[in-house]
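Shown next, in structure tokens, is the structure this report addresses.
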Amino acid sequence: MAVKQFKAESKRLLDLMINSIYTHHEIFLRELISNASDAIDKLYYKALSDGDTGLNRDDFSIQLALDKQNRTLTITDNGCGMTKEELENNLGTIAKSGSFNFKKDNEQKEDIEIIGQFGVGFYSAFMVSQHVTVISKAFGSDEAYRWDSEGTEGYTVEPCERDGHGSTIILQIKPNTEENNFDEYLEAYTIQRIVKKYSDYIRYPIKMDVEKSRLKEGSKDEYESYTENETLNSMVPIWRKNKNEITDEQYNEFYKEKFMDFTDPARVIHSSTEGTATYNALMFIPAKAPYNFYTRDYEKGLQLFSNGVMIMEKCADLLPDYFSFVRGLVDSQDLSLNISREMLQHDRQLKIIAGRLKKKIKSELESMLSNEREKYEEFFKNFGLQLKYGIYQDYGMHKDVLQDLLMFYSSSEKKLVTLKEYISRMKEEQKYIYYACGETISRIDQLPQTEALKDKGYEILYLTDGVDEFAIRMLMKYDDKEFRSVSADDLGLETEEEKQEAAKKVEENKDMLNFMKDALDGKVKQVVLSQKLKTHPVCLSTDGAISIEMEKVLNSMPSEEKVTAERVLEINADHPIFQKLCELYQTNQDVLKQYASLLYTQALLIEGVTIEDPLSFSNQVCELMTK
Ligand code: ADP
């Protein structure tokens, strides 16, 4: 008989399976049962749509059988079965191509992760078997075929006999090794446990002959053993069960298998509602952002079921964009099985459900924030950006939902804080919620503009994400307190007296300041005496709607039009440089011009703005040094 070769990728995967670098062997059963269940699904839907197959739902089952003497575990289904070609095509080539494409892109990723993440389907059988046989007869066909393989060497296919349609998978279990106890897969209780753990909600009965004992009829103390063909799974989908019937482990396993993640979720949200909308929802907040989360490839949505039957893989209308990281499913009896995508969009029931889910997710996040702070901070590091985009989206209409979920780094607390917490710490006379923008926390911390505020003991929020300032501007206020950037011209720090004093000083130096402004030739809107500097000589502030940070963000986007913030150069009148400037104004205005340009360039550097002409800056500095 001709031995056929596996396709190259299949061979690699088989190699991995046979050498069992993945220690979580027991999942092979989950994979084979799920294939059996899919095969029954296919036939069952055919029965539903054709109507004349003579099949009933109750006719379907998956049968497991153990034979300790011959070391076999057999999984039999009466699903659609496979033709000869299907046996060769489906089992000779790796079907879950996703896992191998992934591997090519990420060669450095551990094989283990790939297996954990995607599941590996049929080939996982080789983790525990030295020989695998598949006997299959396709529905409606008279011919059955037998597929045999011992792994990478290849496989054979030959005709055989089988009663009725479906597939039988016979696993010849490997002998024990020092590291691995394969014998356990020949024990009924192990199989029972694994089925309960991974396949409990499979919708068809998974049956196995189980040895039991009972009192002999008519006897009080004599027992006899008997065999019962027991159903091992409850067949109730996990989301339809009561919360208290489900362990954390079951939730986690369900999540990981269904949503192809290999980390337990950060939070499980399980809710059932009756009334205007009747549904069960089981949602998860992942512990880590998927690798494509912040790209266009990421598709949001929840699986949608109508009475236990899946009608849509990803229903986007169930989740607002700002909660797009949530994964899960909704099962509702109010939705018709045949509803189309277009109709769904306008479905009133679906809108009500989506509204409820949004509230539920929000309240779960709030409770995580107040009860599991560290976990929430971790969550925020992963998905906070999405919440901030949410504030900015749709003209700020989601502000109320999101503002209490935001966190920013605080200058005084040295960690992430909420706006509510900030407000609670505000000093009595403090007018505004202050924030400062920059690339990193340490860079912001050094900004000269923060000096006076820190001096007064005011807390400052440090914003490091591009979207931050846009979100803050969209919020405008929190709890009636306005936000104010440290780069704004007026920080509201001076008393009336101080203001008058300052105005006087500006008046006295008006001519020089104007001279400097003119020297800068349109680069700044104004040169002023600063109220916020303590020890530093200069800084930049902005006048108008666009800040320097916003300018950076907007100009980094692909658009023809560049924007410019209206810059104001602030000079510290208490700094020795100021005296020098006054002096030069009287004695040498040419040098003052140079100084103005140097100070402006310094202020730009402090802000982290790329300077236009570094060469001329360097030359100017050298010229001064050699004077
Ligand atoms: P996947 O299930 O992800 O497609 P598998 O490697 O587990 O990948 O299976 C490959 C293919 O073999 C399946 O898609 C299916 O067409 C077929 N198959 C596997 N098991 C069975 C079965 N018990 N009955 C019918 N077809 C099956």
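The values are calculated or read from the model by the stated rules, or taken from the named source; none is laboratory data. These numbers were taken from a predicted model, which means no experiment stands behind them. Every residue, glycine among them, receives a Cβ derived from its backbone with ideal geometry; neighbour counts consider all protein chains shown.
Within region 266-280, the set of residues being under 29 Å from Glu26 (Cβ atoms) and in a strand (DSSP E or B) comprises Arg267, Val268, Ile269, His270, Asn280. Can you confirm whether region 93-106 contains a residue that is closer than 20 Å to Gly166 by Cβ and at pLDDT below 85? Within region 93-106, one or more residues are closer than 20 Å to Gly166 by Cβ and at pLDDT below 85.
Would you check if Ile191 is away from the ligand (no atom under 15 Å from the Cβ), β-branched (Val, Ile, Thr) and crowded, with 18+ Cβ neighbours inside 10 Å? Break it down stepwise before answering.
On the way: away from the ligand (no atom under 15 Å from the Cβ): yes; β-branched (Val, Ile, Thr): yes; crowded, with 18+ Cβ neighbours inside 10 Å: yes.
Yes.
Quickly run through region 291-325 and pick out the residues that are part of a loop (DSSP other than H, G, I, E, B), touching a strand residue (DSSP E or B) at 6+ places or on another chain (Cβ under 9 Å) and not acidic (Asp, Glu).
We begin by selecting, within region 291-325, every residue part of a loop (DSSP other than H, G, I, E, B); these are 291-301, 307-308, 319-320, 324-325.
The next check asks that each one be touching a strand residue (DSSP E or B) at 6+ places or on another chain (Cβ under 9 Å); those that pass are 299-301, 307-308, 319, 325.
Across region 291-325, the qualifying residues are Lys300, Gly301, Asn307, Gly308, Leu319, Phe325.
Going by the conditions given, is Leu350 touching an Asp or Glu at 6+ places or on another chain (Cβ under 7 Å), buried (at least 18 other Cβ atoms within 10 Å of the Cβ) and either in a helix (DSSP H, G or I) or not β-branched (Val, Ile, Thr) (or both)? Against the criterion (touching an Asp or Glu at 6+ places or on another chain (Cβ under 7 Å), buried (at least 18 other Cβ atoms within 10 Å of the Cβ) and either in a helix (DSSP H, G or I) or not β-branched (Val, Ile, Thr) (or both)), Leu350 qualifies.
Report yes if Lys360 is part of a strand (DSSP E or B), in contact with a strand residue (DSSP E or B) (Cβ under 9 Å, 6 or more places away or on another chain) and basic (Lys, Arg), otherwise no.
Working: part of a strand (DSSP E or B): no; in contact with a strand residue (DSSP E or B) (Cβ under 9 Å, 6 or more places away or on another chain): yes; basic (Lys, Arg): yes.
So Lys360 fails the test.
Within region 289-307, how many residues turn out to be surrounded by 15 or more Cβ atoms within 10 Å (Cβ to Cβ) and either under 21 Å from Lys256 (Cβ atoms) or not hydroxyl-bearing (Ser, Thr, Tyr) (or both)?
Of the residues in region 289-307, the ones surrounded by 15 or more Cβ atoms within 10 Å (Cβ to Cβ) are 289-290, 293, 300-306.
Imposing the further condition that a residue be either under 21 Å from Lys256 (Cβ atoms) or not hydroxyl-bearing (Ser, Thr, Tyr) (or both) reduces the set to 289-290, 293, 300-305.
Residues meeting the conditions: 9.
Matching residues to (1) within 30 Å of Met1 (Cβ to Cβ); (2) surrounded by 17 or more Cβ atoms within 10 Å (Cβ to Cβ):
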{"residue": "Ser149", "(1), (2)": "yes, yes"}
{"residue": "Glu161", "(1), (2)": "yes, no"}
{"residue": "Lys212", "(1), (2)": "no, no"}
{"residue": "Lys216", "(1), (2)": "no, no"}
{"residue": "Ser219", "(1), (2)": "no, no"}
{"residue": "Val236", "(1), (2)": "no, no"}
{"residue": "Asn242", "(1), (2)": "no, no"}
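Six or more apart or on different chains, Cβ under 8 Å: which pairs go from a residue in region 466-483 that's over 18 Å from Lys431 (Cβ atoms) to one that's among the polar types (S, T, N, Q) and surrounded by 18 or more Cβ atoms within 10 Å (Cβ to Cβ)? Could you list them? Close Cβ pairs satisfying both conditions: Glu469/Ser485; Glu469/Ser547. The single residue among Thr227, Thr190, Thr177, Thr263 that is outside any helix (DSSP H, G or I) and either among the aliphatic types (A, V, I, L, M) or out of contact with any Lys or Arg (no Cβ under 9 Å at 6 or more places or on another chain) (or both) turns out to be Thr177.
Each residue in region 358-390 was checked for being more than 17 Å from the chain's Cα centre (by Cα), under 15 Å from Thr418 (Cβ atoms) and among the basic types (Lys, Arg), and 1 of them qualify. Evaluate region 61-84: report whether one residue or more is within 14 Å of the ligand (Cβ to nearest atom) and in a helix (DSSP H, G or I). Yes: region 61-84 contains one or more residues that are within 14 Å of the ligand (Cβ to nearest atom) and in a helix (DSSP H, G or I). Here Val506 clears all of (1) of a type outside the set (Gly, Ala, Ser); (2) in a helix (DSSP H, G or I); (3) touching a residue at least 24 places away in the same chain (Cβ under 8 Å); (4) in contact with a strand residue (DSSP E or B) (Cβ under 6 Å, 6 or more places away or on another chain) except the condition numbered (3). Residues considered: Thr564, Thr535. Of these, the only one that is in a loop (DSSP other than H, G, I, E, B), β-branched (Val, Ile, Thr), loosely packed, with under 14 Cβ neighbours inside 10 Å and free of Cβ contacts under 8 Å to residues at least 40 places away in the same chain is Thr564. For the criterion of being touching a Leu at 6+ places or on another chain (Cβ under 9 Å), at pLDDT 95 or above and of a type in the set (Val, Ile, Thr), Ile206 passes.
Test Lys481 against the stated conditions and say whether it is touching a Phe, Trp or Tyr at 6+ places or on another chain (Cβ under 9 Å) and of a type outside the set (A, V, I, L, M, F, W, C). Yes: the conditions hold for Lys481. Taking the numbered list (1) basic (Lys, Arg); (2) closer than 23 Å to Met368 by Cβ; (3) part of a loop (DSSP other than H, G, I, E, B) in turn, Lys420 passes all entries but (3). Look at (1) within 16 Å of the ligand (Cβ to nearest atom); (2) at pLDDT 95 or above; (3) more than 41 Å from the chain's Cα centre (by Cα) and you find that Gly140 fails only one, number (2). The single condition from (1) basic (Lys, Arg); (2) modelled with pLDDT under 95; (3) more than 15 Å from Ser411 (Cβ to Cβ) that Lys456 fails is (3). Condition (residue is closer than 27 Å to Glu496 by Cβ, buried (at least 19 other Cβ atoms within 10 Å of the Cβ) and at pLDDT 85 or above) applied to region 543-557: is it met by at least one residue? Within region 543-557, none of the residues are closer than 27 Å to Glu496 by Cβ, buried (at least 19 other Cβ atoms within 10 Å of the Cβ) and at pLDDT 85 or above.
Restricting to region 160-174, count the residues that are free of Cβ contacts under 8 Å to residues at least 24 places away in the same chain and away from the ligand (no atom under 16 Å from the Cβ). The qualifying residues number 1.
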